[in-house]
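The values are calculated or read from the model by the stated rules, or taken from the named source; none is laboratory data. Keep in mind it's a predicted model, so treat the numbers as computed, not measured. Here Cβ is always computed from backbone atoms with ideal geometry, including for glycine, and neighbour counts include all displayed protein chains.
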Amino acid sequence: MRRKIINVTYRKESNAFPDWLKYEITILNSEGEEEIVPAYGKDLEDAISRIKHDERVNRFENAANSINPFIYLLLWVTFMSGIVGLHYMLDEPLVILYGLIFAVFSITLIQWWTQYRNIDK
């Protein structure tokens with residue numbers, strides 16, 4: 001069984017952000033337990049999409065944290081070896097620069113995507 005939303009309660013309007021609303025969403029887990037999750041959004045659909053985003057980010061972080069750091073080092077060495085090999089094959093020095101820009105852009109995009117979470121503190 002998948003997770004289901006069984007109840008939504010409107011709590012209040014946000015004081016800090018106008019036009020944002022706070023909801024308490026009751027979710028029935030696959031084990032049969034109920035979980036109450038606070039969520040903010042401009043409407044209910046936005047609040048639910050934020051909860052889904054948070055779950056995807058948590059799954060991604062758990063998977064990334066479970067990988068041995070040696071694997072990351074191996075991936076980096078393999079990536080750089082491919083770029084250097086492509087540089088020698090094409091005899092184009094900008095290949096290394098483009099490869100490093102791609103790596104920095106990818107890492108920055110992943111960090112940006114994982115830092116925006118809807119956590120009620």
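The residue of segment 1-19 that is modelled with the lowest pLDDT, among those that are surrounded by 12 or more Cβ atoms within 10 Å (Cβ to Cβ) and either at positive phi or under 22 Å from the mean Cα position of the chain (by Cα) (or both), is Arg3.
Report yes if some residue within segment 36-50 is modelled with pLDDT of 90 or more, closer than 28 Å to Ile5 by Cβ and exposed (fewer than 10 other Cβ atoms within 10 Å of the Cβ); otherwise report no. Within segment 36-50, one or more residues are modelled with pLDDT of 90 or more, closer than 28 Å to Ile5 by Cβ and exposed (fewer than 10 other Cβ atoms within 10 Å of the Cβ). Evaluated against (1) surrounded by 12 or more Cβ atoms within 10 Å (Cβ to Cβ); (2) free of Cβ contacts under 8 Å to residues at least 24 places away in the same chain, Glu61 falls short on exactly one condition, (2). Would you confirm, using the coordinates I've provided, whether Tyr98 is surrounded by 10 or more Cβ atoms within 10 Å (Cβ to Cβ), outside any helix (DSSP H, G or I) and either among the aromatic types (Phe, Trp, Tyr) or in contact with a Pro (Cβ under 9 Å, 6 or more places away or on another chain) (or both)? Criteria not met by Tyr98. Can you name the condition, by its number, that Asn58 falls short on among (1) in contact with a helix residue (DSSP H, G or I) (Cβ under 6 Å, 6 or more places away or on another chain); (2) not hydrophobic (A, V, I, L, M, F, W, C); (3) not in a strand (DSSP E or B)? In the conditions (1) in contact with a helix residue (DSSP H, G or I) (Cβ under 6 Å, 6 or more places away or on another chain); (2) not hydrophobic (A, V, I, L, M, F, W, C); (3) not in a strand (DSSP E or B), Asn58 misses (1) alone. For segment 32-52, does any single residue satisfy the condition of being over 21 Å from the mean Cα position of the chain (by Cα), assigned by TED's automatic domain parsing to the domain that holds Arg3, more than 23 Å from Ser14 (Cβ to Cβ) and among the acidic types (Asp, Glu)? Yes, because at least one residue in segment 32-52 is over 21 Å from the mean Cα position of the chain (by Cα), assigned by TED's automatic domain parsing to the domain that holds Arg3, more than 23 Å from Ser14 (Cβ to Cβ) and among the acidic types (Asp, Glu). Of the candidates Arg50, Arg2, the single residue that is out of contact with any helix residue (DSSP H, G or I) (no Cβ under 9 Å at 6 or more places or on another chain) and outside any loop (DSSP other than H, G, I, E, B) is Arg50.
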